Amino acid sequence: MINTTEKMIKKLKSDQGLIQFLADLLSFPGSEYLNSIKLENDINNILILNENTPINKQLKECVNAYANCDQQVILAEFARLFVGPFHVIAPPYGSYYLENGRLMGESTVQVSEFYDFAGLTIKDSFKDLPDHVVAELEFLIYLIFNEINFLENSEIENYTKINNLKIDFFNRFFLVWINKFATLIIENTKLEFYKNVGICINNIVDILKTDMTDLKKLN
């Protein structure tokens, strides 16, 4: 169990780094978010906080698989898995899994309400649904950023509120579908890179579940 503010902040920063890594892995290949330099930076930030942890080997394998695969091949597989144009193998939207294949349903509206409640506005440059996996990951990053800020300024009441909000969102609108999404990737991808992405999703989600339990005990 984490028992000091300093350790809590370190754990939150580690979670933030892991979530950012996932968000980048699931972004458009070759973009400013998913490229070899960005992934290496992600890994280095994670290693600073977590040396010699079991997840590190898996993260490095994922980065190596990306670097060793032709960019056009990755682009084609990204489209086949997540975009279409006809059959989308692993839809990256929470509502697809929560509402029996329906997109932009009630759960999407509820996710948007979480964003509004937290004071977060989706950038105009983001041209996708609010419950897209990357949007939800970025929302978790935003919440953790605020948690860290409140702890650094000894604002425990505000930290507790944002921590409760994060746990509520994570359990109701992320955890309930993300492993199904990862399984579809693992079972259907033709590339070692995306197989590693699916495995990383499951492993990182397990870490987040454990960390949220530990951090909750301190509220």
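Numbers below:
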read-out: Of all residues in segment 92-124 being assigned to a loop (DSSP other than H, G, I, E, B) and touching a residue at least 40 places away in the same chain (Cβ under 8 Å), the one that is farthest from Thr160 (Cα to Cα); value: Pro92
read-out: Hits in segment 169-203 - residues which are open to solvent by less than 60 Å² (accessible area, probe 1.4 Å), under 19 Å from Leu215 (Cβ atoms) and either without any contact (Cβ under 8 Å) to a residue 40 or more places away in the chain or outside any helix (DSSP H, G or I) (or both); value: Leu175
read-out: Candidate set: segment 191-214, residues that are farther than 26 Å from Ile74 by Cα and of a type outside the set (S, T, N, Q); chosen: the one modelled with the lowest pLDDT; value: Asp214
read-out: Helices (runs of 4 or more DSSP H) within segment 1-91 that include 3 or more residues touching a residue at least 12 places away in the same chain (Cβ under 8 Å) and of a type in the set (Lys, Arg); value: 5-25
read-out: Tally of residues being of a type in the set (A, V, I, L, M, F, W, C) and at positive phi across segment 62-116; value: 1
read-out: Any hit, segment 43-53, residues being at pLDDT below 90, of a type in the set (D, E, K, R) and more than 16 Å from Glu192 (Cα to Cα); value: yes
read-out: Members of segment 130-147 found to be open to solvent by 10 Å² or more (accessible area, probe 1.4 Å) and assigned to a helix (DSSP H, G or I), listed by number; value: Val134, Ala135, Glu138, Ile141, Tyr142, Phe145, Asn146
read-out: Residue ID - nearest to the chain's Cα centre (by Cα), chosen from residues in segment 79-100 that are open to solvent by 20 Å² or more (accessible area, probe 1.4 Å) and either farther than 25 Å from Leu191 by Cα or acidic (Asp, Glu) (or both); value: Leu98
read-out: Condition check for Glu155: acidic (Asp, Glu), within 30 Å of Leu191 (Cα to Cα), surrounded by fewer than 21 Cβ atoms within 10 Å (Cβ to Cβ) and at pLDDT below 95; value: no
read-out: Failed item in (1) within 20 Å of Gly30 (Cα to Cα); (2) under 17 Å from the mean Cα position of the chain (by Cα); (3) in a loop (DSSP other than H, G, I, E, B), with Lys127 passing the rest; value: (2)
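Residues are listed down the side, and each one gets a yes or a no for (1) under 27 Å from Met8 (Cβ atoms); (2) not β-branched (Val, Ile, Thr):
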residue: Ile89; (1), (2): no, no
residue: Tyr96; (1), (2): no, yes
residue: Arg102; (1), (2): no, yes
residue: Leu120; (1), (2): yes, yes
residue: Phe145; (1), (2): yes, yes
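The values are calculated or read from the model by the stated rules, or taken from the named source; none is laboratory data. This one's a predicted model, so the numbers in the text were calculated from it and none came from an experiment. With ideal geometry, Cβ positions are generated from the backbone for all residues, glycine too; neighbour counts draw on all protein chains shown. Areas reflect the complete protein model, heavy atoms only, side chains present, ligands, DNA and RNA absent. Shrake-Rupley method; radii C 1.70, N 1.55, O 1.52, S 1.80 Å.
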